[in-house]
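What follows is a set of notes on a single structure, which appears directly below.
Derivation of every value follows stated rules applied to the coordinates shown; laboratory data play no part. Predicted, not measured: the structure shown is a model, and the values here were computed from it. Neighbour counts run over all protein chains shown; Cβ positions are idealised from the backbone, glycine included.
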Amino acid sequence: MVILSSVIRPLASQLHRHLVKHTKSHRITPVRRCNLIACSSKYVLSQMHPMWQGPLAVPGGDRQSPIDIVVRKSVFDSELKPLVTEYNPETCQQIWNNGYSFLVEYDDTTDKSTLKGGPLQDKFRLCQFHFHWGESNAWGSEHTVDRRLFPAELHLVHWNSDKYSLFEEAVMEDNGLAVIGVFLKVGKRHEGLQKLVDALPAIRHKDSVVEFTRFDPACLLPVNIDDYWTYHGSLTTPPLTESVTWIVMKQHIEVSHDQLAVFRSLLFTSAEEDVQKSMVNNFRVQQPLCGRTIRSSFSPFLQEAPSAEGDKHTH
């Protein structure tokens, strides 16, 4: 794999930049309106990101994401292995506001930060992580558990370096990507997240990029990464390719209201635009399961799903 020079942004950001540029002239809308009770009109009808406004044909297929995870219908698979994450904080490079979310980008030219195990047969390299969140603490996650919404969701994006040589290739191919999803719940301040939160004001506007180094993404994972759901799905932003093995953590992490407020202080818009728009509700509405099986690494009949009554886990 060709090692890029330091003046060239990571491959992942190049693709995202291309996608964002493409959507300026071809704005799109979800294929289906969310029909879940949790997806109430109070935010479905609120102003969402321009990426989801206006007509554009969305790729067909029955493996689209995100979805609602119905715990009692998930299938316990004793063959699912524990996840193995080996992240090198030295590979962290920068934060970028791409006009939809903010991306913390990693050097993925070597296997220095990888994901293995779980439902995966190959080794996957970390290229970036980002979040989705709502305009209030009542919603924001893309996935739900038994229709329960969380205020935000973290996605750690990895690509299959055993099968493919570039992220751009993997994103278009079967078994190309693996994304870890982690739900965020409002509670006590997350100390590991704070370094990132402190850096966000510097990328308030779209297309802002700042250097961000030595950040260990493992600090954003829950204590228990052995309990998860997995299914075959898609990217939740264009090109919506069905190349993703989703690994959604059962255990959430806690962040403070003030930390999420900094997320919401970011803008969808560049500094030059006359009307500034707050970066909120940057999620895709949910898609039909279409007969897919959601496998779990734990028995749903022996352990409870995330509790709406309070956090019973230790973080």
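Taking THR230, is it surrounded by 19 or more Cβ atoms within 10 Å (Cβ to Cβ), out of contact with any strand residue (DSSP E or B) (no Cβ under 7 Å at 6 or more places or on another chain) and in contact (Cβ under 8 Å) with a residue 60 or more places away in the chain? Break it down into steps so the answer makes sense when it comes.
Working: surrounded by 19 or more Cβ atoms within 10 Å (Cβ to Cβ): yes; out of contact with any strand residue (DSSP E or B) (no Cβ under 7 Å at 6 or more places or on another chain): no; in contact (Cβ under 8 Å) with a residue 60 or more places away in the chain: yes.
For THR230, the condition - surrounded by 19 or more Cβ atoms within 10 Å (Cβ to Cβ), out of contact with any strand residue (DSSP E or B) (no Cβ under 7 Å at 6 or more places or on another chain) and in contact (Cβ under 8 Å) with a residue 60 or more places away in the chain - is not met.
What residue, among those in the range 256-291 that are assigned to a loop (DSSP other than H, G, I, E, B), under 18 Å from the mean Cα position of the chain (by Cα) and among the aliphatic types (A, V, I, L, M), is farthest from SER65 (Cα to Cα)? Don't jump to the end; show me each part of the working.
Filtering the range 256-291 down to residues assigned to a loop (DSSP other than H, G, I, E, B) leaves 256, 265-266, 268-277, 279-291.
Keeping just the survivors that are under 18 Å from the mean Cα position of the chain (by Cα) gives 266, 268, 279-287.
Then keep just the ones that are among the aliphatic types (A, V, I, L, M); that gives 266, 279-280, 285.
Working: LEU266: 25, MET279: 21, VAL280: 19, VAL285: 9 Å.
So the residue we want is LEU266.
Does ASP198 satisfy the condition of being free of Cβ contacts under 8 Å to residues at least 12 places away in the same chain and among the charged types (D, E, K, R)?
Details: free of Cβ contacts under 8 Å to residues at least 12 places away in the same chain: yes; among the charged types (D, E, K, R): yes.
It is true that ASP198 is free of Cβ contacts under 8 Å to residues at least 12 places away in the same chain and among the charged types (D, E, K, R).
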